[in-house]
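All of the numbers you see were taken from the coordinates with simple rules; none came from a lab. Source: prediction; values computed, not measured. A quick note on method: Cβ atoms are made from the backbone with ideal geometry, for glycine too, and the neighbour counts reach across all protein chains shown.
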Amino acid sequence: MSALVRLDDLRTLLDTALAEARGSVPAAASTTELDALERELLGRRSPAGQANEAIKNLEPAERPQAGQAVGAYRAAVAELVASRRDELAAAEAAAAADRDRLDLTAGSHGRARGHLHLVTQVQRELEDIFVGLGYRIAEGPEVEDDWHNFEALNIPPAHPARSMQDTLYVKLGGDEQVMLRTHTSPVQIRTMETHEPPIYVVAPGRTYRNETLDARHSPVFHQIECLAVDRDITLADLFGTIETFVRRLFDDETIRTRFRSDFFPYTEPSAELAVSCIFCHGEGCRVCSHTGWIELGGCGMVDPNVFEAVGYDPEVWQGFAFGFGLERIAMIRYGIDEIRTFFDDDVRFLAQY
Amino acid sequence: MRAPLSWIRDFTPADAPVEELVAALNQLGLEVDAVEQPGREIRGVRVARILDVLPHPDADKLRLADVDFGDGQTRVVCGAPNIYPGMVAPFAPAGAQLPGGFRLERRKIRGVVSDGMLCSARELGLGDDHAGILELDGHAALGADVREVLGLDDVVFDLAITPNRPDAMCVVGVARELAAHLRQPFTVPAAATPTDASVAADVTVVVEAPDACPRYLARVARVTTGESPAWMQQRLVKAGMRPISNVVDVTNYVLLERNQPLHAFDLDLLGGRGIVVRRAEPGERMTTLDGVERELTPDDLLICDAERRPQAIAGIMGGATSEVSAATTEILLESAYFERMGIARTSKRLKLRSESSSRFERGIDPDGVARHADRAMELFAQVAGGRVAPDAVDEYLAPVEPARITLRTSRVNRLLGTTLADTAVVAALTPLGIDVSGSGDELVALAPTFRPDLEREIDLVEEVARRVGFASIGRTVARPTEQVGALTHAQRDRRRVADACVGAGLSEAITLPLVAPGDLARAGAPIDRVVEAANPLRAEESVLRTSILPGLLRAVAYNRARGLADVALFELGRVFLRPDGDRLLPDERYHLAATLAGSVSRRPLEDDRVVDVYDAVDVLRAVLAAVEVDDWHLDATAHTGYHPGRSAAVVAAGREVGLVGEIAPTVLDALDLGGPIVALEVDLDRLLAAPRRDRTFRAPSPYPPSRIDLAFVVPEAVAAGAVATTLRRAGGDLVEDVTLFDVFRSDVLGAARKSLAFSVRYRAADRTLTDAEVAGLRDTAIAAVTGAYDAELRG
């Protein structure tokens, strides 16, 4: 080593070593190999080490230049090594990732989210619209007595309106005294019996008919009833409230409402409620049987006899009520043909909504 | 109610286009179910006489008819049994067109050429009668167009009349409404009945029950029975009735035209030439015209002869004894007004409804009884050779007064949201036959007796609304000023429960609340307090559910039967328990039930696994978390319907609120279901009554936790959940979490013993726990567990 005394020789040594490093470092196949190579190129016995040893034998004037040459060599090699180290780390991470690869299309743990029944979805939607209009949600028993289901609603015994209902009675109380409610209207009575006016409520719920489940009939179905009682509620309020509500329900401001005289014992005047067809907008299509209108339900002004039954003074209080079937709304909206679809509980139907 | 336009035009012009008439009827509340214009599509159907009827060479049920259609003869094949030589019938030759646009062609039927066809009533669009070929009036000119002969160039409105409008159940009533709407004249001509003094109304009428029969009028006429004329038959057919004989046809004609049910008795067959109207004796029987013997009660009203023998159930149906027949020469015509509710009760109890009863129970016009009998007499004279006795026997013992109703114009406007003048109110009501006097808020209306629905001011308000039209009523929105719209806490909680189940992967079912008693019993649902249906249609739906689960399991079976094995369902609904004490209505409670069947996919990292009870427990946890009930535990106990070793009671705040577990094989076998199926059912009303999590903010501690692991050897019967609770209580507020991380069984531990290993995490809110503190906590925990159970710490 001590033979190296010329600056040029020292430079040649470093240049040669660097030239070799440019070939060997990028070729290092692993970090282990790279570590060994780094020691070889930069360690005590490396060309850089030898050059450092030799500097003291140079002319003092040449020593700074020699020092710079060694520094440049070290920096160049270190950069080569760092660069290769990054490459190797990336390749090893990629290989590890490849070993840990999972086919995400192959499955999933546990269950996906379930589904609310379509009737519940419609019911919540309606409830939320009415809550937005300031209404509360009233409830009542599904098994009712004659007073609430019929009598207080101005449907006395042997009244022709009772012949319109296929009532399912239960063995409680006297003969035909207790029944599964045939409509949600008894909730009107219960609400007024327990609350002072004004009243603004909707009453959704299950109702019953003495029928066997088939395509067109169901022993159970759902209605929603709306009742508003205040000092100056008018027929115009009834029509306007319904119009506002159906436009919100079908999310369509162009929907028109049509009211035709009808008869219900508990309202007077009474009307049948229809909306312009949500599919053809009144042009006529299969859904609306080419009439341009879809019948939704019944409505009217609360009959004074009903107010008297619950102890409200009909000279002071006025009110309206309307109601319709939740299944019907869903059937219209989604083109469901058979009512039994709602009660078969086929998971394919449930999962569709 | 079927109303032919041609008949309506007897009373009012009604000359607006059909579409306009339909719109008017609909707006008036006389809903048009269908508009029939049978003649509109019929082309070339002619009157023909059958000359000869021959057997078909190749078919037993078919025959050949040679027909003469005026300017020619031909042969057709006919399958109807009622044809005979000499019969006059509608003949549709090849090239003719029937309703529906159906065009006839010459074609071979079983080898014989048929040159068209003979038509039934239905084939001509005249109702449903398809039993045989329609027989035409024998005097009709051969070759004439049947549209003219049958009056088919007409419009028939099929109307759905609401039960409050008996007056609109007749042609006159429909005409009155249309006339009012169209502002056209309306007149019902008075009957012009020639009477015959040689016929005497020498009959007696005794009404013993005037409360049930306020009015009974009898007329007498001598008649020649036979067929009614074609014009009458046509109207009856178009209105949906079958012509029978001239006498019966007249009574039906007046029923349809005037809404007055009439009954013609063969006077010779009425013992004592008279009528007694009386209540039935208890257990009295009579056979009605339909051949059914009916048992009666004193609530039923009978029309009897003067010898008190029943001839008819008043207002509902006659008997065979005094029925009019071809041999009848003298009739007693009954025109009566019966009390509505009585007719309704008898009709309902006997399950016997007729055109007559449906009108009486809605209420006919008591004042029309005599007028309408006059009309019948006029028609008997016209079509049955009637010679009419001049007098009527009219027992009107309880006269019905027209209702006098005070009507305030301000009330009309306040209810309708209108600004009508009193004159507009009067103008709306008058054309309906309502006589209004006075002004402003002191209008006095006399309601016509044919409108029993008009009794109160509100009834007139409705009439005004109907007349001005709902389309002219404004549209305003009423909003509450004294309340805020919101769900109640319970309603919000029920939504959260449903949402939690949905989040746990379950779908909501709605099962029928009517179930079979056996399903409830097998499932261990309370059967002693079950509510039974009084009139169920099926035994499988004969009681109200006391538990939702049996219905849900049926839904699982339904899905299984369709090849859908992995089913996870829940239902939130009411159950019903027979009331305690003297309460009338059942105890109704909200329950939540959930069930999981089939398998859970763990692929591809693990194998699929079948559902197990912990899936049900997970659903339960999700629900409890959703409603923030923290104070709960499971109490392992056996319950009917569940696997005895894999079920537990759910206890919240010290009260049992439900069950969770694996369904017992006995239940599954009954439904042909393979297991395992796991389930839970919770009484939501009880659960939601439990105290909820305290929502006061507790700052998460910034200090480090200290964790200790403890394993105890305990008897099998000791529940891990109980030990965890003991550990939690022992550490008090310093316990952050207790987790069971291992369960180990071995012979070394001894028979029927197991090791439960817990990891307990402690943390203080205000400091780092010292080693000494943690050691103390450990000792306390060990002491608590070994003190509470037959437990030893595992080294």
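Observations
Every residue, every condition in (1) on the phi < 0 side of the Ramachandran plot; (2) outside any loop (DSSP other than H, G, I, E, B), yes or no:
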| site | (1), (2) |
| --- | --- |
| B:Glu588 | yes, yes |
| B:His591 | yes, yes |
| B:Ala594 | yes, yes |
| B:Arg602 | yes, no |
| B:Glu606 | yes, no |
| B:Asp615 | yes, yes |
| B:Asp618 | yes, yes |
| B:Glu628 | no, no |
| B:His633 | yes, yes |
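- Being without any contact (Cβ under 8 Å) to a residue 12 or more places away in the chain and surrounded by fewer than 17 Cβ atoms within 10 Å (Cβ to Cβ) holds for only one residue in B:Asp612, B:Asp580, and it is B:Asp580.
- Considering residues of region B:543-555 that are more than 22 Å from B:Arg583 (Cα to Cα) and more than 7 Å from chain A (Cβ to nearest Cβ) only, the residue surrounded by the fewest Cβ atoms within 10 Å (Cβ to Cβ): B:Arg554
- Output for region A:108-147, where each listed residue is facing another protein chain (nearest Cβ under 9 Å), of a type outside the set (Asp, Glu) and within 19 Å of B:Leu585 (Cβ to Cβ): A:Pro141, A:Val143
- Among the candidates B:Asp453, B:Asp441, B:Asp435, the residue that is within 24 Å of B:Val188 (Cα to Cα) and surrounded by fewer than 19 Cβ atoms within 10 Å (Cβ to Cβ) is uniquely B:Asp435.
- Residue match in region B:649-662 (condition: closer than 19 Å to B:Asp519 by Cα and small (Gly, Ala, Ser)): yes
- Considering B:Leu5, B:Leu104, the condition of being out of contact with any Pro (no Cβ under 8 Å at 6 or more places or on another chain) and either surrounded by 13 or more Cβ atoms within 10 Å (Cβ to Cβ) or touching a residue at least 24 places away in the same chain (Cβ under 8 Å) (or both) is satisfied by B:Leu5 alone.
- Region A:253-304: number of residues that are part of a loop (DSSP other than H, G, I, E, B), among the acidic types (Asp, Glu) and within 10 Å of another protein chain (Cβ to nearest Cβ): 1
- The strands (runs of 3 or more DSSP E) found entirely in region B:37-97 that carry 1 or more residues being touching a strand residue (DSSP E or B) at 6+ places or on another chain (Cβ under 6 Å), farther than 25 Å from B:Leu152 by Cα and in contact (Cβ under 8 Å) with a residue 40 or more places away in the chain are B:63-68, B:73-78.
- Filter result for B:Val206 (surrounded by 20 or more Cβ atoms within 10 Å (Cβ to Cβ), away from chain A (no Cβ under 14 Å), out of contact with any His (no Cβ under 8 Å at 6 or more places or on another chain) and over 30 Å from B:Pro93 (Cα atoms)): no
- Condition met for A:Arg190 (of a type in the set (Lys, Arg) and out of contact with any Gly (no Cβ under 6 Å at 6 or more places or on another chain)): no
- Check on B:Leu506, within 30 Å of B:His643 (Cβ to Cβ) and within 7 Å of chain A (Cβ to nearest Cβ): yes
- The strands (runs of 3 or more DSSP E) falling completely within region B:359-466 that include 3 or more residues that are within 14 Å of chain A (Cβ to nearest Cβ) map to B:404-407.
- Within region B:509-532, the set of residues being at the interface with chain A (Cβ under 10 Å from one of its Cβ atoms), buried (at least 21 other Cβ atoms within 10 Å of the Cβ) and part of a strand (DSSP E or B) comprises just one member, B:Leu514.
- Of everything in region B:489-503 that is more than 7 Å from chain A (Cβ to nearest Cβ) and touching a strand residue (DSSP E or B) at 6+ places or on another chain (Cβ under 7 Å), the residue that is surrounded by the most Cβ atoms within 10 Å (Cβ to Cβ) is B:Val497.
- Taking (1) surrounded by 17 or more Cβ atoms within 10 Å (Cβ to Cβ); (2) under 48 Å from the mean Cα position of the chain (by Cα); (3) among the hydroxyl-bearing types (Ser, Thr, Tyr) in turn, B:Tyr84 satisfies each apart from (1).
- Annotation note: of A:Arg181, A:Arg190, the sole residue that is closer than 27 Å to A:Glu315 by Cβ and either of a type in the set (D, E, K, R) or touching a residue at least 40 places away in the same chain (Cβ under 8 Å) (or both) is A:Arg190.
- A:His115 being outside any helix (DSSP H, G or I), in contact (Cβ under 8 Å) with a residue 40 or more places away in the chain and either under 21 Å from the mean Cα position of the chain (by Cα) or surrounded by 10 or more Cβ atoms within 10 Å (Cβ to Cβ) (or both): yes
- Candidate set from region B:467-487 (those that are part of a loop (DSSP other than H, G, I, E, B) and touching a residue at least 12 places away in the same chain (Cβ under 8 Å)); member that is farthest from the other protein chains (Cβ to nearest Cβ): B:Gly469
- Residue that is surrounded by the fewest Cβ atoms within 10 Å (Cβ to Cβ) [pool: residues in region B:722-763 that are polar (S, T, N, Q) and assigned to a strand (DSSP E or B)]: B:Thr739
- Count - residues of region A:200-236 that are part of a strand (DSSP E or B), within 32 Å of the chain's Cα centre (by Cα), more than 7 Å from chain B (Cβ to nearest Cβ) and not basic (Lys, Arg): 14
- The number of residues in region A:328-338 being surrounded by fewer than 21 Cβ atoms within 10 Å (Cβ to Cβ) and either touching a residue at least 40 places away in the same chain (Cβ under 8 Å) or part of a loop (DSSP other than H, G, I, E, B) (or both) comes to 7.
- Only one entry in A:His217, A:His195, A:His222 is surrounded by fewer than 20 Cβ atoms within 10 Å (Cβ to Cβ) and closer than 26 Å to B:Leu487 by Cβ, namely A:His195.
- Residue, farthest from the chain's Cα centre (by Cα), within region B:653-692, restricted to residues that are in a strand (DSSP E or B), more than 14 Å from B:Pro550 (Cα to Cα) and of a type in the set (D, E, K, R): B:Arg655
- Test: residue in region B:150-158 that is touching a helix residue (DSSP H, G or I) at 6+ places or on another chain (Cβ under 6 Å), on the phi > 0 side of the Ramachandran plot and in a loop (DSSP other than H, G, I, E, B): yes
- As a summary of the residue check, A:Phe239 satisfies the conditions (1) outside any strand (DSSP E or B); (2) within 11 Å of chain B (Cβ to nearest Cβ); (3) under 26 Å from A:Pro156 (Cβ atoms) except for the one numbered (3).
- Among the residues listed as B:Val174, B:Val220, the single one being more than 41 Å from the chain's Cα centre (by Cα), buried (at least 21 other Cβ atoms within 10 Å of the Cβ) and not charged (D, E, K, R): B:Val220
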